[in-house]
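The values are calculated or read from the model by the stated rules, or taken from the named source; none is laboratory data. Keep in mind the model is a prediction, meaning the values are calculated, not measured. FYI the Cβ positions are ideal-geometry reconstructions off the backbone, even for glycines, and counts take in every protein chain you see. The area values use the complete protein model at the heavy-atom level, side chains included, leaving out ligands, DNA and RNA. Shrake-Rupley method; radii C 1.70, N 1.55, O 1.52, S 1.80 Å.
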Amino acid sequence: MNKEYGVIIIGGGPAGLSAGIYTARARLSSLLVEKGIIGGLITDAEVVENFPGFPEGISGYDLTQLMYQQATKFGLETLTAEVTGIELEGEQKIVKTSEGNLIAKAVIAASGTERVQLNVPGEKEFTGRGVSYCATCDAAFFTDQTVALVGGGNAAITEALQLTKFASKVTVIHRRDELRATRIVQEKAFTEPKIEFLWNNIVERIEGEDVVKRLRLRNVVTGEESTLDVSGVFVSIGFKPNTDYLKDILPLDAAGYIVTNEKMETEIPGIFAAGDIRRSSIRQVIAAAGDGATAAIYAEKFIGD
Ligand SMILES: Cc1cc2nc3c(=O)[nH]c(=O)nc-3n(C[C@H](O)[C@H](O)[C@H](O)COP(=O)(O)OP(=O)(O)OC[C@H]3O[C@@H](n4cnc5c(N)ncnc54)[C@H](O)[C@@H]3O)c2cc1C
């Protein structure tokens, strides 16, 4: 028979780890299920300067390793597995994972978001061989090379600026004729001599041999097709919530985010959500950590009632 937990937490980012600190410290039997590496999205950040307690800044990896140590010290168990669905059986929640089914009284969904892909030919094939979704992680591999960055939002343009520290030239490819990034970020980009803009263009295909060599582009206004020779392409066109495993049991908003109340309760009693997967999240570590704590405290109350 499967072991029954008090709380199962889905996702090992700042929201899940903070929830785990609270549930484990409350002596609830707690299991955190993470499909990848512990730490979540913030492990991509070289330095986090806005999390309280670290006046000199701290790397996202180090910050979440400390959270992990703190949670496991209080008895949080962890499992490497992907959650694929949740079924409700009376009061019990059956959490279906790639490693088998698990049972819990309460579930905290803290599975965050993932980067949106271009979905064009060549993208999958060249991921890790010229196609990247994280400038902070991979910019140094492109020292003195020419690269492209696809996107026009704040994160995208910040990443383009980061890339100029290494690459000899950065072409920003944007499907519109203006950026969505804030004014101050735009001004920096427009005055950076290494950045060039290719407006109204979309990537239709990524080509190369062992590694990326060129992009095939199409102008969405004129229909004109062109090629751009690059050694790398960074994709920064937004994030989507990791909520597929909930879609059969929980109403999600049009973009797939979870709606909660201020107690982090969803529409299903005993299922809570925390962090970047919530509709109104500000998508910052401090907010994710706060959500995790709130969800844990109300999960404890739910189990106790
Ligand atoms: C490059 C970059 C820099 C950033 N810099 C900052 C910063 O300086 N300050 C700041 O406050 N914020 C920053 N952020 C935002 C911050 O990373 C997020 O707000 C934060 O990580 C959200 O935490 P979370 O726990 O909600 O989700 P995540 O960190 O996304 O964690 C979710 C976890 O759930 C796991 N998961 C997903 N689906 C499943 C599943 N089905 N089964 C099991 N596990 C699953 C994922 O693998 C992931 O580990 C940055 C983000 C990026 C990308």
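Side notes on the structure shown:
- For Arg279, solvent-accessible area (1.4 Å; no DNA, RNA or ligand), Å²: 130
- Dipole of the stretch 162-233 [Lys/Arg +1, Asp/Glu -1 at C-beta], most positive-end residue of Leu215, Leu198, Leu179: Leu179
- Ile297 accessible area, 1.4 Å probe, all protein chains in place, Å² to nearest 10: 70
- Of Lys247/Lys301; Lys165/Lys247; Lys35/Lys93; Lys35/Lys263; Lys213/Lys240; Lys3/Lys247, those spanning more than 31 Å from alpha-carbon to alpha-carbon: Lys165/Lys247
- Loop sites in the stretch 205-271: trypsin sites (Lys or Arg not before Pro), DSSP, at most 12 other Cβ within 10 Å: Lys247
- Using a probe of 1.4 Å on the protein chains alone, the accessible area found for Val120 is around 30 Å².
- Whether the stretch 149-226 is rounded, prolate or oblate, judged on the alpha carbon gyration tensor where a/c under 1.5 counts as rounded: oblate
- Axis angle, to the nearest 10 degrees, between helix 14-25 and the longest C-alpha principal axis of the chain: 20 degrees.
- Applying a DSSP loop filter and a limit of 16 other Cβ atoms within 10 Å to the chymotrypsin sites (Phe, Trp or Tyr not before Pro) in the stretch 189-249 leaves Trp199.
- Shape category assigned to the chain from the gyration tensor of Cα positions, a/c cut at 1.5: prolate
- Helix 285-304 and the longest principal axis of the Cα set of the chain meet at an angle near 20°.
- Against the chain, whose longest principal axis is taken from its Cα atoms, helix 60-73 shows a tilt of about 10°.
- Net charge dipole, the chain: roughly 240 debye, given to the nearest 20, about the Cα centre with Cβ charges of +1 for Lys and Arg and -1 for Asp and Glu.
- Solvent exposure of the chain amounts to 50 Å² per residue of accessible area, where only protein heavy atoms count and the probe is 1.4 Å.
- Anisotropy class of the stretch 1-132 from Cα gyration tensor, a/c 1.5 cut: oblate
- Cβ-based charge dipole, the chain, positive-most Cα from Leu88, Ala167, Ala273: Ala273
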